[in-house]
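Take a look at the structure below.
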Amino acid sequence: MSLSVPPTAQNPSKTLLKPPFLPRLPRPHRFSMPKPAPSPSNNRTLAISSQAKTLDLHGRHRDEVFRSAEGSLSNCLSETHLDRTVPGLKSIAKGKVRDVYEGKEHLVLVTTDRQSAFDRVLASIPFKGQVLNETSLWWFNKTVHITPNAVVCVPDKNVTIAKKCSVFPVEFVVRGFVTGSTDTSLWTVYSNGVRRYCGNLLPEGMVKNQKLPANILTPTTKSTDHDVPVSPDEIIELGLMTQDEYAEVSSKALDLFAYGQQVALENGLLLVDTKYEFGRDTDGTITLIDEVHTPDSSRYWIAKSYEERFNAGLEPENVDKEFLRLWFKDHCDPYGDKVLPEAPQELVCELAWRYIFLFETITNTKFEMPNIEEPIHDRISKNVSQALSSL
């Protein structure tokens, strides 16, 4: 959505679908952060690594996943057409990752294996759709004490059936660290000299991958092709949300992120940043939709090694798609080039492993590999048809 949208614009229909990591801080006026007192460079990070459990990104299970991923490269779910195979479904959106279908009373969200960054699809990653769907479901179940969500049922490993919602045209991006490589990442804008961003006053003297004094919100809205940063005042002035709506949703977003940081740290990970989407269901209830704390919507680092690597000026060990973003940024202009190079198979399989690693680390369960003998689209069509007939 463009920032020139009139205040009367209608929200589109869409859907999905306890102590905090830091002591809860009073939310500053207009979401600005006070500048922290100067401190020695070796005290710029939290003392978190000594408490975090050790995680191994290169264990024997990785080899098993690599072999499975290599065998599934030609069987990724890159496109869907349930409108042709499931009676009564209409295709209403083809997103970067999710395909959305509308039934009589519900929406059907199919999470594909497409991998996106820089506002375009980069590759297809084996098992990705299943991992994202199952990761989101786990977090939806774990966060109902913070906010209701739109999930109705999950009839297939790649599918969520959800309530129809009127969606707020704002993505709530929450950040705990100064990092990133895209044009809208906090480190990019900070390194370019920006100190007031989306209503937040950023302190001087920060370096890449440093922890912020407090978590901040940096909302975005849609332009034609890009996410556009927007301040709380602009959200209200443009009629994207009312003041009360923004206050409620921003509070929920910050609470979700603090809870996510807590759970992640308990399992040896740092939840660095994420995005949330919200809408109103048919009863008017503000509802969490889309996805939650997945490696697509979130950035995760290994907690145990973070502080040592930060102090040495090294990039954190990440469990997300940042390494694939960086590869494309090093080998092409991912925003400007019409045709991108093909992602190396080794990186594709590595990303498949990291998605599974994250799922297993957070949920403490083993990922169940899909049966590759049954075509994925046939399986999804059958399961969705059965589920809709029983709703």
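The values are calculated or read from the model by the stated rules, or taken from the named source; none is laboratory data. It should be emphasised that the depicted structure is a prediction, and the values quoted were computed from it without experimental measurement. Glycine gets a Cβ as well: all are built from the backbone with ideal geometry, and neighbour counts include every protein chain shown.
Give the number of residues within region 210-258 that are under 17 Å from residue 298 (Cα atoms), in contact with a Lys or Arg (Cβ under 8 Å, 6 or more places away or on another chain) and not in a strand (DSSP E or B).
3
Just to verify a result, which residue in region 280-305, among those that are in contact with an Asp or Glu (Cβ under 8 Å, 6 or more places away or on another chain) and over 30 Å from residue 120 (Cβ atoms), is modelled with the lowest pLDDT?
305
Is region 256-274 home to any residue that is farther than 30 Å from residue 152 by Cβ, surrounded by fewer than 22 Cβ atoms within 10 Å (Cβ to Cβ) and not aliphatic (A, V, I, L, M)?
yes
Among the residues that make up region 177-193, is at least one of them polar (S, T, N, Q), part of a loop (DSSP other than H, G, I, E, B), modelled with pLDDT of 95 or more and buried (at least 19 other Cβ atoms within 10 Å of the Cβ)?
yes
Inspect all residues belonging to region 364-380 and state whether any of them is among the polar types (S, T, N, Q), surrounded by fewer than 20 Cβ atoms within 10 Å (Cβ to Cβ) and over 21 Å from the mean Cα position of the chain (by Cα).
Within region 364-380, one or more residues are among the polar types (S, T, N, Q), surrounded by fewer than 20 Cβ atoms within 10 Å (Cβ to Cβ) and over 21 Å from the mean Cα position of the chain (by Cα).
Based on this model, can you work out whether residue 345 counts as touching a helix residue (DSSP H, G or I) at 6+ places or on another chain (Cβ under 9 Å), of a type outside the set (Gly, Ala, Ser) and modelled with pLDDT of 95 or more?
Yes; evaluated as a whole, the condition is true for this residue.
Output the residues belonging to region 194-207 that are under 30 Å from residue 336 (Cα atoms), of a type outside the set (Phe, Trp, Tyr) and surrounded by fewer than 18 Cβ atoms within 10 Å (Cβ to Cβ).
Residues satisfying the conditions are 194, 195, 196, 207.
Could you list, in sequence order, all residues of region 147-176 that are among the aliphatic types (A, V, I, L, M) and surrounded by fewer than 22 Cβ atoms within 10 Å (Cβ to Cβ)?
152, 154, 167
What number of residues within region 134-162 are assigned to a strand (DSSP E or B) and hydrophobic (A, V, I, L, M, F, W, C)?
Of the residues in region 134-162, 7 are assigned to a strand (DSSP E or B) and hydrophobic (A, V, I, L, M, F, W, C).
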